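> After the C-alpha coordinates below, expect a handful of questions from me.
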Amino acid sequence: MRRVHRSLSAAGQELTLYLPREAVFSWQHERIFSGGGSGWELTLRMAAVLEVVVNGERAKTRARTLAELLIELGYGEAKVATARNGDFIPLRKRDTVELSGGDTIEIVSPRQGG
Amino acid sequence: MTDTMIDTKANVARSGAGRDALVVYGAELTSRLFLGTAQYPSPYVLERAVKAAGTEVVTVSVRREGAREKGGQRFWEMIAGLGVRVLPNTAGCRTVREAIATAEMARELFDTDWVKLEVIANDDTLQPDLFGLVEAAGVLVREGFKVFPYTTEDLGAAERLLAAGCELLMPWGAPIGTGRGLANPYALRTLRNYFPGVPLVVDAGIGAPSHAAQAMEMGFDAVLLNTAVAKAGDPVAMAEAFGAAIRAGRTAFVAGMMEVRDMAAPSTPVAGTPFFDLK
(Lines give C-alpha, C1' and ligand atoms only; values in the text may rest on other atoms or scores of the structure.)
Protein backbone atom coordinates (compact mmCIF):
# COMPACT_ATOMS: atom_id res chain seq x y z
CA MET A 1 0.00 0.00 0.00
CA ARG A 2 1.24 3.42 -0.89
CA ARG A 3 1.38 6.33 1.51
CA VAL A 4 -1.67 8.57 1.71
CA HIS A 5 -1.06 12.27 2.22
CA ARG A 6 -3.76 14.26 3.92
CA SER A 7 -4.32 17.65 5.45
CA LEU A 8 -7.17 19.13 7.45
CA SER A 9 -7.87 22.81 7.55
CA ALA A 10 -7.80 24.49 10.93
CA ALA A 11 -11.48 25.39 10.74
CA GLY A 12 -12.47 21.84 10.04
CA GLN A 13 -14.60 22.90 7.10
CA GLU A 14 -12.42 21.65 4.33
CA LEU A 15 -10.71 18.38 3.84
CA THR A 16 -8.08 17.88 1.25
CA LEU A 17 -6.61 14.54 0.46
CA TYR A 18 -3.52 14.24 -1.61
CA LEU A 19 -3.33 10.78 -3.09
CA PRO A 20 -0.60 9.49 -5.31
CA ARG A 21 -1.83 9.40 -8.88
CA GLU A 22 -1.63 5.63 -9.05
CA ALA A 23 -2.84 4.96 -5.52
CA VAL A 24 -3.79 1.35 -5.11
CA PHE A 25 -5.28 0.00 -1.92
CA SER A 26 -5.44 -3.57 -0.96
CA TRP A 27 -8.22 -3.44 1.62
CA GLN A 28 -11.20 -1.46 2.74
CA HIS A 29 -10.39 1.80 4.51
CA GLU A 30 -12.51 3.77 6.90
CA ARG A 31 -11.22 6.77 8.78
CA ILE A 32 -13.06 9.09 11.09
CA PHE A 33 -11.81 12.64 11.49
CA SER A 34 -13.31 14.87 14.15
CA GLY A 35 -12.93 18.51 15.16
CA GLY A 36 -12.83 17.69 18.82
CA GLY A 37 -14.61 20.43 20.82
CA SER A 38 -15.95 22.18 17.71
CA GLY A 39 -18.41 19.33 17.17
CA TRP A 40 -17.85 18.27 13.59
CA GLU A 41 -17.10 14.78 12.48
CA LEU A 42 -16.29 13.43 9.08
CA THR A 43 -16.26 9.82 8.14
CA LEU A 44 -14.15 9.05 5.15
CA ARG A 45 -14.62 5.74 3.41
CA MET A 46 -12.36 4.61 0.68
CA ALA A 47 -13.38 1.55 -1.24
CA ALA A 48 -10.41 -0.59 -1.97
CA VAL A 49 -9.36 -0.10 -5.53
CA LEU A 50 -7.36 -3.03 -6.78
CA GLU A 51 -5.38 -3.21 -9.90
CA VAL A 52 -5.74 -6.65 -11.45
CA VAL A 53 -5.12 -8.14 -14.86
CA VAL A 54 -8.24 -9.52 -16.56
CA ASN A 55 -7.71 -11.61 -19.69
CA GLY A 56 -4.33 -9.99 -20.22
CA GLU A 57 -5.47 -6.39 -19.73
CA ARG A 58 -4.98 -4.21 -16.65
CA ALA A 59 -8.17 -3.24 -14.89
CA LYS A 60 -9.06 -1.34 -11.73
CA THR A 61 -11.80 -2.77 -9.61
CA ARG A 62 -13.61 -2.17 -6.34
CA ALA A 63 -14.69 -5.81 -6.20
CA ARG A 64 -13.53 -7.80 -3.21
CA THR A 65 -14.26 -11.24 -4.60
CA LEU A 66 -14.10 -12.92 -7.96
CA ALA A 67 -17.91 -13.08 -8.04
CA GLU A 68 -18.12 -9.31 -7.50
CA LEU A 69 -15.54 -8.72 -10.19
CA LEU A 70 -17.61 -10.64 -12.72
CA ILE A 71 -20.67 -8.58 -11.87
CA GLU A 72 -18.73 -5.31 -11.95
CA LEU A 73 -17.28 -6.14 -15.36
CA GLY A 74 -20.73 -6.95 -16.72
CA TYR A 75 -20.52 -10.72 -17.13
CA GLY A 76 -23.73 -11.18 -15.18
CA GLU A 77 -25.04 -14.67 -15.79
CA ALA A 78 -22.75 -15.32 -18.76
CA LYS A 79 -21.54 -18.87 -19.25
CA VAL A 80 -17.92 -18.39 -18.22
CA ALA A 81 -15.24 -20.27 -16.32
CA THR A 82 -12.53 -18.58 -14.30
CA ALA A 83 -8.97 -18.94 -13.14
CA ARG A 84 -6.91 -16.79 -10.78
CA ASN A 85 -3.13 -16.68 -10.96
CA GLY A 86 -3.15 -19.76 -13.15
CA ASP A 87 -5.42 -21.87 -10.95
CA PHE A 88 -8.97 -22.82 -11.86
CA ILE A 89 -11.58 -21.25 -9.59
CA PRO A 90 -14.84 -23.24 -9.72
CA LEU A 91 -18.16 -21.44 -9.85
CA ARG A 92 -19.02 -22.34 -6.26
CA LYS A 93 -15.83 -20.73 -4.94
CA ARG A 94 -16.11 -17.38 -6.74
CA ASP A 95 -17.96 -15.89 -3.77
CA THR A 96 -15.25 -16.76 -1.31
CA VAL A 97 -12.11 -16.13 -3.34
CA GLU A 98 -10.86 -12.68 -2.31
CA LEU A 99 -8.92 -10.65 -4.80
CA SER A 100 -5.49 -9.18 -4.18
CA GLY A 101 -3.71 -6.43 -6.06
CA GLY A 102 -1.81 -7.81 -9.04
CA ASP A 103 -3.96 -10.92 -9.43
CA THR A 104 -4.23 -12.26 -12.95
CA ILE A 105 -7.74 -13.38 -13.81
CA GLU A 106 -8.82 -15.47 -16.77
CA ILE A 107 -12.45 -15.42 -17.84
CA VAL A 108 -13.23 -17.91 -20.61
CA SER A 109 -16.26 -19.22 -22.46
CA PRO A 110 -17.06 -22.04 -24.89
CA ARG A 111 -15.47 -21.56 -28.28
CA GLN A 112 -14.79 -23.40 -31.53
CA GLY A 113 -11.85 -25.79 -31.38
CA GLY A 114 -10.00 -28.47 -33.33
CA MET B 1 0.42 -57.46 -43.43
CA THR B 2 0.13 -60.52 -41.23
CA ASP B 3 0.05 -58.16 -38.27
CA THR B 4 -2.90 -56.38 -39.80
CA MET B 5 -4.81 -59.64 -39.90
CA ILE B 6 -4.22 -60.15 -36.18
CA ASP B 7 -5.52 -56.64 -35.55
CA THR B 8 -8.63 -57.38 -37.53
CA LYS B 9 -9.55 -60.21 -35.19
CA ALA B 10 -8.88 -58.06 -32.14
CA ASN B 11 -11.04 -55.28 -33.52
CA VAL B 12 -13.91 -57.45 -34.54
CA ALA B 13 -13.80 -59.19 -31.17
CA ARG B 14 -13.90 -55.83 -29.43
CA SER B 15 -16.71 -54.50 -31.52
CA GLY B 16 -19.06 -57.36 -30.65
CA ALA B 17 -21.30 -59.44 -32.85
CA GLY B 18 -22.98 -57.69 -35.73
CA ARG B 19 -22.08 -54.19 -34.63
CA ASP B 20 -18.89 -52.36 -35.38
CA ALA B 21 -18.97 -49.79 -32.62
CA LEU B 22 -16.00 -47.99 -31.16
CA VAL B 23 -16.02 -47.92 -27.37
CA VAL B 24 -14.12 -45.09 -25.71
CA TYR B 25 -14.34 -44.60 -21.97
CA GLY B 26 -17.52 -46.64 -21.91
CA ALA B 27 -19.21 -44.62 -24.66
CA GLU B 28 -20.29 -46.56 -27.71
CA LEU B 29 -19.68 -44.64 -30.94
CA THR B 30 -20.94 -45.65 -34.35
CA SER B 31 -19.20 -42.87 -36.26
CA ARG B 32 -15.44 -43.05 -36.39
CA LEU B 33 -15.03 -39.45 -37.47
CA PHE B 34 -14.35 -36.89 -34.74
CA LEU B 35 -14.81 -33.41 -36.16
CA GLY B 36 -13.34 -30.07 -35.08
CA THR B 37 -15.63 -27.05 -34.94
CA ALA B 38 -13.19 -24.23 -35.80
CA GLN B 39 -12.61 -22.18 -38.95
CA TYR B 40 -15.95 -22.77 -40.69
CA PRO B 41 -17.35 -19.97 -42.86
CA SER B 42 -20.37 -19.74 -40.55
CA PRO B 43 -22.07 -21.55 -37.67
CA TYR B 44 -24.71 -22.70 -40.13
CA VAL B 45 -22.11 -24.40 -42.34
CA LEU B 46 -20.57 -26.02 -39.28
CA GLU B 47 -23.95 -27.36 -38.21
CA ARG B 48 -24.62 -28.85 -41.63
CA ALA B 49 -21.08 -30.27 -41.87
CA VAL B 50 -21.49 -32.08 -38.55
CA LYS B 51 -24.71 -33.63 -39.80
CA ALA B 52 -23.28 -34.50 -43.22
CA ALA B 53 -20.29 -36.21 -41.62
CA GLY B 54 -22.56 -38.21 -39.33
CA THR B 55 -20.10 -37.42 -36.57
CA GLU B 56 -20.94 -38.13 -32.93
CA VAL B 57 -18.01 -36.32 -31.31
CA VAL B 58 -16.99 -32.71 -31.92
CA THR B 59 -14.01 -30.90 -30.44
CA VAL B 60 -14.38 -27.51 -28.80
CA SER B 61 -12.20 -25.13 -26.83
CA VAL B 62 -12.30 -22.40 -24.21
CA ARG B 63 -11.14 -18.91 -25.00
CA ARG B 64 -11.11 -15.52 -23.30
CA GLU B 65 -14.50 -13.85 -23.35
CA GLY B 66 -15.08 -10.11 -23.16
CA ALA B 67 -17.92 -8.91 -20.93
CA ARG B 68 -19.98 -7.52 -23.78
CA GLU B 69 -19.44 -10.44 -26.13
CA LYS B 70 -21.98 -13.18 -25.96
CA GLY B 71 -20.17 -15.36 -28.48
CA GLY B 72 -19.54 -18.17 -26.03
CA GLN B 73 -23.16 -18.45 -25.06
CA ARG B 74 -24.36 -18.50 -28.67
CA PHE B 75 -21.74 -21.06 -29.67
CA TRP B 76 -22.65 -23.26 -26.72
CA GLU B 77 -26.35 -23.18 -27.58
CA MET B 78 -25.59 -24.15 -31.16
CA ILE B 79 -23.34 -27.07 -30.12
CA ALA B 80 -25.81 -28.27 -27.49
CA GLY B 81 -28.47 -28.31 -30.18
CA LEU B 82 -26.45 -30.72 -32.33
CA GLY B 83 -26.96 -33.56 -29.87
CA VAL B 84 -23.37 -34.81 -30.17
CA ARG B 85 -20.72 -35.43 -27.55
CA VAL B 86 -18.26 -32.60 -26.99
CA LEU B 87 -14.56 -33.16 -26.51
CA PRO B 88 -13.00 -29.95 -25.13
CA ASN B 89 -9.35 -29.41 -25.97
CA THR B 90 -6.49 -27.65 -24.24
CA ALA B 91 -5.21 -26.24 -27.53
CA GLY B 92 -2.43 -23.70 -27.24
CA CYS B 93 -1.35 -24.72 -23.75
CA ARG B 94 2.42 -24.78 -23.40
CA THR B 95 2.80 -25.89 -19.81
CA VAL B 96 1.35 -28.62 -17.64
CA ARG B 97 -0.16 -25.99 -15.35
CA GLU B 98 -1.92 -24.17 -18.20
CA ALA B 99 -3.25 -27.43 -19.58
CA ILE B 100 -4.61 -28.54 -16.22
CA ALA B 101 -6.34 -25.22 -15.48
CA THR B 102 -7.75 -25.13 -19.03
CA ALA B 103 -9.07 -28.69 -18.71
CA GLU B 104 -10.70 -27.80 -15.40
CA MET B 105 -12.34 -24.69 -16.85
CA ALA B 106 -13.55 -26.72 -19.83
CA ARG B 107 -15.01 -29.41 -17.58
CA GLU B 108 -17.11 -26.82 -15.79
CA LEU B 109 -18.21 -25.05 -18.98
CA PHE B 110 -19.03 -28.10 -21.06
CA ASP B 111 -20.11 -30.35 -18.22
CA THR B 112 -18.03 -33.28 -19.43
CA ASP B 113 -15.02 -35.08 -18.00
CA TRP B 114 -13.68 -35.79 -21.48
CA VAL B 115 -10.65 -33.72 -22.45
CA LYS B 116 -8.46 -33.71 -25.53
CA LEU B 117 -5.16 -33.01 -23.83
CA GLU B 118 -2.70 -30.91 -25.79
CA VAL B 119 0.56 -29.67 -24.35
CA ILE B 120 2.35 -27.93 -27.17
CA ALA B 121 6.14 -28.00 -27.50
CA ASN B 122 6.68 -25.26 -30.08
CA ASP B 123 4.79 -22.94 -32.37
CA ASP B 124 6.20 -24.04 -35.72
CA THR B 125 5.28 -27.69 -35.52
CA LEU B 126 2.66 -27.52 -32.76
CA GLN B 127 4.06 -30.89 -31.84
CA PRO B 128 3.14 -32.41 -28.49
CA ASP B 129 5.49 -31.86 -25.56
CA LEU B 130 5.51 -35.52 -24.56
CA PHE B 131 7.05 -34.92 -21.15
CA GLY B 132 4.46 -32.33 -20.22
CA LEU B 133 1.72 -34.43 -21.78
CA VAL B 134 2.49 -37.47 -19.63
CA GLU B 135 2.70 -35.34 -16.48
CA ALA B 136 -0.55 -33.48 -17.18
CA ALA B 137 -2.34 -36.71 -18.13
CA GLY B 138 -1.43 -38.24 -14.77
CA VAL B 139 -2.76 -35.25 -12.84
CA LEU B 140 -5.99 -35.05 -14.85
CA VAL B 141 -6.71 -38.78 -14.60
CA ARG B 142 -6.35 -38.49 -10.82
CA GLU B 143 -8.81 -35.60 -10.93
CA GLY B 144 -11.33 -37.85 -12.66
CA PHE B 145 -10.85 -36.71 -16.25
CA LYS B 146 -11.13 -39.06 -19.20
CA VAL B 147 -8.06 -38.01 -21.08
CA PHE B 148 -7.69 -38.16 -24.89
CA PRO B 149 -3.98 -37.33 -25.26
CA TYR B 150 -2.77 -35.69 -28.47
CA THR B 151 0.57 -37.44 -28.87
CA THR B 152 3.13 -38.58 -31.44
CA GLU B 153 3.89 -42.14 -32.62
CA ASP B 154 6.44 -42.52 -29.80
CA LEU B 155 5.99 -45.92 -28.18
CA GLY B 156 7.60 -44.96 -24.87
CA ALA B 157 5.33 -41.96 -24.48
CA ALA B 158 2.37 -44.13 -25.45
CA GLU B 159 3.18 -46.64 -22.72
CA ARG B 160 3.55 -43.92 -20.12
CA LEU B 161 0.25 -42.33 -21.14
CA LEU B 162 -1.51 -45.67 -20.79
CA ALA B 163 0.21 -46.25 -17.45
CA ALA B 164 -1.00 -42.81 -16.36
CA GLY B 165 -4.56 -43.98 -16.94
CA CYS B 166 -5.37 -42.92 -20.51
CA GLU B 167 -7.63 -45.50 -22.14
CA LEU B 168 -6.94 -44.36 -25.67
CA LEU B 169 -4.26 -42.49 -27.60
CA MET B 170 -4.46 -39.88 -30.31
CA PRO B 171 -1.25 -39.95 -32.36
CA TRP B 172 -0.74 -37.23 -34.93
CA GLY B 173 -0.89 -37.93 -38.64
CA ALA B 174 1.12 -34.80 -39.41
CA PRO B 175 1.45 -31.40 -37.68
CA ILE B 176 -1.85 -29.63 -37.00
CA GLY B 177 -3.23 -27.75 -39.98
CA THR B 178 -0.71 -29.04 -42.53
CA GLY B 179 -2.99 -31.42 -44.42
CA ARG B 180 -0.02 -33.62 -45.27
CA GLY B 181 -1.69 -36.89 -44.37
CA LEU B 182 0.19 -39.66 -42.59
CA ALA B 183 3.72 -38.28 -42.47
CA ASN B 184 5.18 -41.42 -40.93
CA PRO B 185 3.09 -44.45 -41.88
CA TYR B 186 5.75 -46.89 -40.72
CA ALA B 187 5.79 -45.46 -37.20
CA LEU B 188 2.01 -45.31 -37.10
CA ARG B 189 1.78 -48.93 -38.22
CA THR B 190 4.25 -49.90 -35.52
CA LEU B 191 2.17 -48.09 -32.92
CA ARG B 192 -0.99 -49.79 -34.16
CA ASN B 193 0.60 -53.22 -34.03
CA TYR B 194 2.23 -52.60 -30.67
CA PHE B 195 -1.08 -51.73 -29.01
CA PRO B 196 -3.63 -53.94 -30.78
CA GLY B 197 -6.23 -53.56 -28.05
CA VAL B 198 -5.96 -49.83 -27.36
CA PRO B 199 -8.29 -47.46 -29.22
CA LEU B 200 -6.10 -45.26 -31.40
CA VAL B 201 -7.42 -42.12 -33.05
CA VAL B 202 -5.31 -40.41 -35.72
CA ASP B 203 -5.55 -36.74 -34.86
CA ALA B 204 -4.29 -33.83 -36.97
CA GLY B 205 -2.57 -33.43 -40.30
CA ILE B 206 -5.28 -35.11 -42.34
CA GLY B 207 -5.85 -33.21 -45.61
CA ALA B 208 -7.81 -35.52 -47.90
CA PRO B 209 -10.40 -38.26 -47.48
CA SER B 210 -7.81 -40.72 -48.85
CA HIS B 211 -5.54 -39.91 -45.89
CA ALA B 212 -8.36 -40.74 -43.51
CA ALA B 213 -9.17 -43.93 -45.40
CA GLN B 214 -5.52 -44.93 -45.26
CA ALA B 215 -5.46 -44.51 -41.48
CA MET B 216 -8.60 -46.60 -41.14
CA GLU B 217 -7.25 -49.30 -43.48
CA MET B 218 -4.18 -49.49 -41.24
CA GLY B 219 -6.47 -50.37 -38.38
CA PHE B 220 -6.78 -47.08 -36.55
CA ASP B 221 -10.05 -46.84 -34.70
CA ALA B 222 -11.07 -43.33 -35.66
CA VAL B 223 -9.83 -40.08 -37.21
CA LEU B 224 -10.05 -36.58 -35.78
CA LEU B 225 -9.86 -33.71 -38.23
CA ASN B 226 -10.94 -30.11 -38.61
CA THR B 227 -9.18 -27.92 -41.16
CA ALA B 228 -9.60 -30.31 -44.09
CA VAL B 229 -13.37 -29.98 -43.78
CA ALA B 230 -13.66 -26.41 -42.51
CA LYS B 231 -11.37 -24.96 -45.19
CA ALA B 232 -12.74 -27.00 -48.09
CA GLY B 233 -14.47 -25.17 -50.92
CA ASP B 234 -17.69 -26.83 -49.80
CA PRO B 235 -17.26 -27.94 -46.19
CA VAL B 236 -20.58 -29.77 -46.08
CA ALA B 237 -19.76 -31.90 -49.13
CA MET B 238 -16.25 -32.51 -47.80
CA ALA B 239 -17.64 -33.63 -44.45
CA GLU B 240 -19.74 -36.17 -46.31
CA ALA B 241 -16.69 -37.29 -48.31
CA PHE B 242 -14.69 -37.83 -45.13
CA GLY B 243 -17.53 -39.75 -43.54
CA ALA B 244 -17.69 -42.06 -46.57
CA ALA B 245 -13.89 -42.49 -46.75
CA ILE B 246 -13.68 -43.39 -43.07
CA ARG B 247 -16.49 -45.92 -43.38
CA ALA B 248 -14.80 -47.40 -46.46
CA GLY B 249 -11.42 -47.61 -44.74
CA ARG B 250 -12.93 -49.18 -41.67
CA THR B 251 -14.90 -51.75 -43.66
CA ALA B 252 -11.76 -52.61 -45.64
CA PHE B 253 -9.77 -53.12 -42.47
CA VAL B 254 -12.35 -55.38 -40.92
CA ALA B 255 -12.69 -57.27 -44.22
CA GLY B 256 -8.93 -57.93 -44.17
CA MET B 257 -6.85 -56.64 -47.04
CA MET B 258 -4.77 -58.74 -49.40
CA GLU B 259 -1.05 -59.02 -48.97
CA VAL B 260 1.14 -56.69 -51.00
CA ARG B 261 3.48 -58.50 -53.44
CA ASP B 262 6.50 -57.37 -55.38
CA MET B 263 5.83 -59.39 -58.53
CA ALA B 264 2.75 -59.50 -60.73
CA ALA B 265 0.30 -62.36 -60.37
CA PRO B 266 -2.39 -62.82 -63.03
CA SER B 267 -5.89 -62.42 -61.78
CA THR B 268 -7.47 -64.08 -64.82
CA PRO B 269 -7.00 -67.88 -64.80
CA VAL B 270 -3.95 -69.01 -66.73
CA ALA B 271 -5.41 -72.44 -67.43
CA GLY B 272 -7.31 -72.41 -70.70
CA THR B 273 -5.73 -69.25 -72.04
CA PRO B 274 -6.18 -69.36 -75.88
CA PHE B 275 -3.01 -69.87 -77.88
CA PHE B 276 -1.25 -70.72 -74.57
CA ASP B 277 0.87 -73.53 -76.07
CA LEU B 278 1.46 -71.94 -79.48
CA LYS B 279 4.87 -70.41 -79.87
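The values are calculated or read from the model by the stated rules, or taken from the named source; none is laboratory data. None of these values were measured; they are calculated from a predicted model. Cβ placement follows ideal geometry from the backbone for every residue including glycine, while neighbour counts extend to all protein chains displayed. Keep in mind that these areas ignore ligands, DNA and RNA; they rest on the heavy atoms of the full protein, side chains included. Shrake-Rupley method; radii C 1.70, N 1.55, O 1.52, S 1.80 Å.
> Pick out the long, greasy-scoring helices in chain B: whole DSSP H runs spanning 24 Å or more along their own axis by Cα, mean Kyte-Doolittle at least -0.5.
Helices meeting the span and hydropathy rule in chain B are B:235-255.
> At the nearest 100 Å², what buried accessible area, both sides summed, do you get for B and A when the probe is 1.4 Å?
That pair hides around 2400 Å² of surface in total.
> Tell me the accessible surface of B:D20 in square angstrom (1.4 angstrom probe, heavy atoms of protein chains only), to the nearest ten.
The accessible area comes out at roughly 60 Å².
> When the expected Rg is taken as 2.2 N^0.38 Å, what fraction or multiple of it is the alpha-carbon Rg of the stretch B:72-183?
Details: Rg = 14.1 Å, N = 112, 2.2 N^0.38 = 13.2 Å.
The reported ratio for this selection is 1.06.
> Give the lysines whose C-alpha is closer than 29 Å to that of B:K279, dropping any in the same chain fewer than 8 places away, or say none.
none
> List the GluC sites (Glu not before Pro) in the stretch B:13-86 that DSSP assigns to loop (not H, G, I, E or B) and whose Cβ has at most 14 other Cβ atoms within 10 Å. Which are they?
Loop-located and lightly packed - B:E69.
> What is the magnitude of the charge dipole of chain B about its Cα centre, with +1 placed on the Cβ of each Lys and Arg, -1 on the Cβ of each Asp and Glu, and no other charges, expressed in debye to the nearest 20?
Using only the charged Cβ atoms, the result is roughly 420 debye.
> How high is the relative contact order of chain B, in percent, with contacts defined as C-alpha pairs under 8 Å that are six or more residues apart?
On the way: 502 pairs, mean separation 56.3, N = 279.
20 percent.
> Give me Rg/Rg_expected for the stretch A:44-106, where Rg uses Cα atoms only and Rg_expected = 2.2 N^0.38 Å with N residues.
1.05
> Indicate the gyration tensor shape class of chain B (rounded, prolate or oblate), computed on the Cα atoms with a ≥ b ≥ c the square roots of the eigenvalues: a/c under 1.5 is rounded; otherwise a/b larger than b/c is prolate and the rest oblate.
prolate
> Using θ = phi - 60° and the Karplus relation 6.51 cos²θ - 1.76 cosθ + 1.60, list the HN-Hα couplings for the stretch A:51-64 in order, rounded to whole Hz, with x at every Gly or Pro.
Those phi angles translate into 9, 10, 10, 10, 6, x, 10, 5, 8, 9, 9, 9, 5, 9 Hz.
> Could you pull out every one of the lysines with an alpha carbon less than 30 Å from that of B:K231, ignoring same-chain neighbours closer than 8 positions?
Filter leaves A:K79, B:K51, B:K70, B:K116, B:K146.
> From the backbone phi of the stretch B:57-63, what are the Karplus-calculated ³J(HN,Hα) couplings (6.51 cos²θ - 1.76 cosθ + 1.60, θ = phi - 60°) in whole Hz, Gly and Pro given as x?
In residue order, the calculated couplings are 9, 10, 8, 9, 9, 10, 9 Hz.
> Return the long-range amide H neighbours of B:T90 (sequence gap of 5 or more, or a different chain), with a cut-off of under 5 Å between placed amide H atoms.
Result for B:T90 returns B:K116, B:E118.
> When ligands, DNA and RNA are left out and all protein chains stay put, how many square angstrom of accessible area per residue does chain B have with a 1.4 Å probe?
Using a 1.4 Å probe on heavy atoms only, each residue of chain B averages 46 Å².
> How far, in nm, would the chain grow between B:R180 and B:Y194 when pulled straight, counting 0.36 nm per residue and subtracting the alpha carbon separation? Provide the component values of the computation, followed by the final result.
Values: separation 14, 0.36 × 14 = 5.04 nm, distance 2.41 nm.
Taking 0.36 nm per residue and subtracting the Cα distance, the gain is 2.6 nm.
> Would you pull out the residues with amide H under 5 Å of A:I89's amide H, same chain only if 5 or more places away, H placed 1.01 Å from N?
Those lying under 5 Å, H to H, from A:I89 are A:T82, A:A83, A:R84.
> Given a cut-off of 21 Å, what percent of all Cα-Cα pairs of the stretch B:168-279 lie beyond it?
Of the Cα pairs, 45 percent sit more than 21 Å apart.
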